[in-house]
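Here the structure comes first, spelled out in structure tokens, and everything after it is commentary.
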Amino acid sequence: MKRSTPSQSSSNPASTKQPRADNKCPYLDTVQRNVLDFDVPHVCKTSLSDQNVYSCLVCGQFYRGRGSKSPAFMHALNESHFVFLKLDTGRAYCLPAGYEIQDTSLNDIKHELKPSFTTDMLTNMRSAHFIKKDTRGEDYLPGFIGLTNLKKTDPINVVLQLLARVVPLQVFFLKQHNPTLDKCKSLLVQNFADVLRRLWNPRSFKRFVGPYQFVQALSTTSRGQFSVGKRAQCLQLLQWMLNHMHKYLKKAGQSNDTVVTEAFQGQLEIVKTTRGGGGDGASSSSSSSSSSSSSSSSSSSTTSSTTATTQRVPFFKLSLNLPKKKLFREQTQDNKADEKDDVLSTVSLYELLEKFNGQAVPTATSDDESATSTYGLTKLPKYLILHIKRFSQNNYTIEKNGTIVSFPLKNLDMRAYMTEAAKAMVPSVAALGAMSNSELKKIALGSVKKEIVQGIVERPELIRLVTGIVSNCTKYDLVGNVGHKEEQM
């Protein structure tokens, strides 16, 4: 091929698309920040293409390309809109001139396109809450802003708001330079991180977020199970999302432990006791439990045998059975005498949790066997998800149990529902005084940074630190409460 001469290269139209020497654009005053919305799908308005898309910073529309025949180029000529931002790189250009704009006045727009958080911002995000203002002068609180309902997507918005309150997820998805997140190939995980960044963006242009791209990725990944126009169940969606994120983050990080298991995974011990009518029933029970640790013992009766099977199961949620009660209490002489007594029938959350305090619960088995199961917690998660079973399916419709459940807002103590072995791993406050400094530091290292523990010299200060850890490690404060309506099911 013939090499072009300098005179020939100067006549090439591509040579005009170079950054200006002064990097200043005379059209920056035409930028309208109040019309910009980067939440919507990045698709060209004319060609419906999602490749090489630019946003017009004057009218907020999306167009493809920078070439002389591209929709963005023609829009700049027809409408006299000259400032454009490339959505995948965040670089600004002036069309039809074609040069790149490098001006610090556009940094807030680039931050709105791709919000980023420094380490100091993540540290101060939960300790200090300040009211911010958007481009329209309306107040909003970062992290506590609304999500657009796209049509029966309110359960999706509820799950997003719940997960946005979880501190480990905030730290993992908001921090910069996360190798595990960068290697993750799940489109849903990447869009979930983008929604979290927009929810916690302290310099947002508007006080609400439109989860268009997240809902689209959710519909594609779930193969239409969760999509626009189809109201999903919050619990089903939450379980599916946690399992999906754990699966792909485990592949990206090459480890079985992910941020999902760190925040939500606990462990439940189930001891199933089976009493069979004969020797055949006992042998079949023993063979079926060979995969788990089990112990068998014979009763005093020669016609029956007992088999106990112990199994430890990891969980993301605990399901609680809700007893059926009448909505209004029956009037008795005691109720009439006590005017302060509630009219509505309620049940306490502690009554529902009695299932896990070691008492025997009947279990459905074959006709010739009777079985009971005892439940106990061997490991408590950082965030405990409790599911109260309100809905039941009959031959015609779905019925809802309307019994009111009362629960504490703070300091829900789960120590009483742990196994004895698990309680021994968490010493009581009274037993801390008899422990050595090395034992106290070992407990403190599980919840506090190593530098803080090594900086403690005095024993009373170390005891105060460990006392705060031990007294709160089995207690939970309410983060969110999700309710359902009958017409939503």
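The values are calculated or read from the model by the stated rules, or taken from the named source; none is laboratory data. These numbers come from a predicted model, not from an experiment. Here the Cβ positions follow ideal geometry from the backbone for every residue, glycine too, while neighbour counts run over all protein chains shown. We work out accessible area using only protein heavy atoms, side chains counted, and drop any ligands, DNA or RNA first. Shrake-Rupley method; radii C 1.70, N 1.55, O 1.52, S 1.80 Å.
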Residues of the range 205-244 being out of contact with any helix residue (DSSP H, G or I) (no Cβ under 7 Å at 6 or more places or on another chain), over 23 Å from Gln265 (Cβ atoms) and touching a residue at least 40 places away in the same chain (Cβ under 8 Å), which ones?
Lys206, Arg207, Phe208, Gly210, Tyr212, Gln216, Gly229, Lys230
Taking the range 370-419 as the region of interest, how many residues are free of Cβ contacts under 8 Å to residues at least 12 places away in the same chain and under 13 Å from Leu349 (Cβ atoms)?
0
Inspect the range 192-201 for any residue being open to solvent by 50 Å² or more (accessible area, probe 1.4 Å), among the charged types (D, E, K, R) and at pLDDT below 90 and give the result as yes or no.
no
Within the range 81-92, can one find any residue that is farther than 27 Å from Thr148 by Cβ and in contact with a Gly (Cβ under 9 Å, 6 or more places away or on another chain)?
no
Do the conditions hold for Lys230, that is, is it outside any helix (DSSP H, G or I) and at pLDDT below 90?
yes
Quick test for you: out of Lys251, Lys206, pick the one residue that is charged (D, E, K, R) and open to solvent by less than 30 Å² (accessible area, probe 1.4 Å).
Lys206
Kindly indicate whether any position in the range 120-134 is polar (S, T, N, Q) and touching a residue at least 12 places away in the same chain (Cβ under 8 Å).
no
Could you list, ordered by first residue, the pairs with Cβ atoms under 6 Å in which the first is in the range 427-442 and farther than 16 Å from Glu461 by Cβ and the second is of a type in the set (A, V, I, L, M, F, W, C) and in a loop (DSSP other than H, G, I, E, B), at least 6 apart or interchain?
none
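Looking at the range 121-137, is at least one residue charged (D, E, K, R), surrounded by 15 or more Cβ atoms within 10 Å (Cβ to Cβ) and within 18 Å of Arg203 (Cβ to Cβ)? Explain how you work it out, then say what you get.
Initial filter on the range 121-137 (charged (D, E, K, R)): 126, 132-134, 136.
Keeping just the survivors that are surrounded by 15 or more Cβ atoms within 10 Å (Cβ to Cβ) gives 132, 134.
Now narrow it down to the ones that are within 18 Å of Arg203 (Cβ to Cβ): 132, 134.
Yes, some residue in the range 121-137 is charged (D, E, K, R), surrounded by 15 or more Cβ atoms within 10 Å (Cβ to Cβ) and within 18 Å of Arg203 (Cβ to Cβ).
Out of the strands (runs of 3 or more DSSP E) lying entirely within the range 247-341, which hold 1 or more residues that are at pLDDT 85 or above and basic (Lys, Arg)?
Passing ranges, in order: 266-276, 305-315.
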Looking at the range 461-478, can you tell me whether even one residue there is modelled with pLDDT of 85 or more, among the charged types (D, E, K, R) and closer than 20 Å to Ala263 by Cα?
yes
Residue under evaluation Asn78, criteria (1) closer than 20 Å to Val58 by Cβ; (2) free of Cβ contacts under 8 Å to residues at least 60 places away in the same chain; (3) outside any helix (DSSP H, G or I), criterion not met:
(3)
Does any residue in the range 44-67 that is over 16 Å from Ala92 (Cβ atoms) and open to solvent by less than 20 Å² (accessible area, probe 1.4 Å) come within less than 9 Å, Cβ to Cβ, of a residue that is part of a loop (DSSP other than H, G, I, E, B) and of a type outside the set (S, T, N, Q) six or more places away or on a different chain, and which pairs are these?
Cys44/Asp50; Cys44/Gly65
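Please go through the range 181-191 and give me each residue that is more than 17 Å from His42 (Cα to Cα) and crowded, with 17+ Cβ neighbours inside 10 Å, ordered by number.
Within the range 181-191, Leu181, Cys184, Ser186, Val189 qualify.
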Within the range 353-467, strands (runs of 3 or more DSSP E) holding 1 or more residues that are touching a helix residue (DSSP H, G or I) at 6+ places or on another chain (Cβ under 8 Å):
361-363, 369-379, 386-389, 398-400, 404-406
